[in-house]
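Structure first, then comments.
The values are calculated or read from the model by the stated rules, or taken from the named source; none is laboratory data. Computed from a prediction, not measured in an experiment: that's the story for all the values here. All Cβ positions, even for glycine, are placed from backbone atoms using ideal geometry, and neighbour counts span all protein chains on display.
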Amino acid sequence: MPYQPFRLDRLNVLAEYSKQAPHIGSHPNYPALSLCSGRAYPYVEAMSQLLRIQTPVLFESGAGMFDPVSAVSTWHPDFTRDIRMEVDDIRSFLENVVADNIGLSIDYAKRSQAALVGSPNGGIEEARLEVDEYVTKNHPSFNVFHTHISIDVVPPGLTKAEGMQWLAQTCGISVSEMAFVGDTGGDVGALLIVGASFAPANGTQEAKSSAKHASSFNDIEAVLEAYEMSKVAP
């Protein structure tokens, strides 16, 4: 959960699973673990260490990929100079939104997205209406995804669905061989294209309706359940 201490005991269980299968195909029963997060590179890189991940991971919804083995990060080919200029324009608009609302702040760690963060009662919903209107008028090909604490304006071709396809290609597998856990509207595209998809009980209704399995558990418990369900029986 945002702004809550990590449940390190449960994350360690997931890390032990990852230790069993550090690479794709390295264990006959355990699937390799990866990340596809809307968060920026530093967060995803740190989580890959915490979870002992050795497969490539995705940050900023798949616009960026980090390889924990080579310690090299790369940007998706669709993150072009023109797209970057559009992101910069949207970020400038968000700075004006923040200037009018002290409960919000810019997520400057992100490069491929323009993003706002704040508390649930910090004006996120009101800001979303402003952002929706501006993006629809000036950058209609961009996507506006939001949670109760964030707004992410994501370029076309750089959503989690495209990110998962890029990851699959990099790893030499198909998306039908992948499982995905998602809890918000920004996860829907990825939930719809993978072979096995899961959503936690505290996910949005859109995410739960798009997943093949809607868990009765929240957060990390739902992730652990999804991993167990994705294991191949001995």
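Report, by residue number, each residue of region 56-86 that is part of a strand (DSSP E or B) and not small (Gly, Ala, Ser). Full working, then the answer.
Initially, region 56-86 is screened for residues part of a strand (DSSP E or B), giving 57-59, 64-67, 72-75.
Answer for region 56-86, where residues must be part of a strand (DSSP E or B) and not small (Gly, Ala, Ser): Val57, Leu58, Phe59, Met65, Phe66, Asp67, Val72, Thr74, Trp75.
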### Query
For region 63-110, which residues satisfy the criterion of being in contact with a Lys or Arg (Cβ under 9 Å, 6 or more places away or on another chain), under 17 Å from Glu162 (Cβ atoms) and without any contact (Cβ under 8 Å) to a residue 60 or more places away in the chain?
Gly64, Trp75, Arg84
### Query
Among the residues of region 139-154, is there at least one that is surrounded by fewer than 18 Cβ atoms within 10 Å (Cβ to Cβ), part of a helix (DSSP H, G or I) and modelled with pLDDT of 95 or more?
no
## Note on the structure
Picking from Ala115, Ala196, the residue that is outside the structural domain of Ala63 (by TED's automatic domain parsing) and under 30 Å from Val69 (Cβ atoms) would be Ala115
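Only one of Glu45, Glu86, Glu95 is of a type outside the set (Gly, Ala, Ser) and touching a His at 6+ places or on another chain (Cβ under 9 Å); which? Give the derivation first.
On the way: Glu45 fails: touching a His at 6+ places or on another chain (Cβ under 9 Å); Glu95 fails: touching a His at 6+ places or on another chain (Cβ under 9 Å).
Being of a type outside the set (Gly, Ala, Ser) and touching a His at 6+ places or on another chain (Cβ under 9 Å) holds for just one of Glu45, Glu86, Glu95, which is Glu86.
Which one is surrounded by the fewest Cβ atoms within 10 Å (Cβ to Cβ), of the residues in region 181-198 that are part of a loop (DSSP other than H, G, I, E, B) and more than 10 Å from the chain's Cα centre (by Cα)?
Our first condition is that a residue be part of a loop (DSSP other than H, G, I, E, B); within region 181-198, this holds for 182-184, 194-195.
Going one step further and asking which of them are more than 10 Å from the chain's Cα centre (by Cα), we end up with 194-195.
Values: Val194: 23, Gly195: 14.
Residue satisfying both the conditions and the ranking: Gly195.
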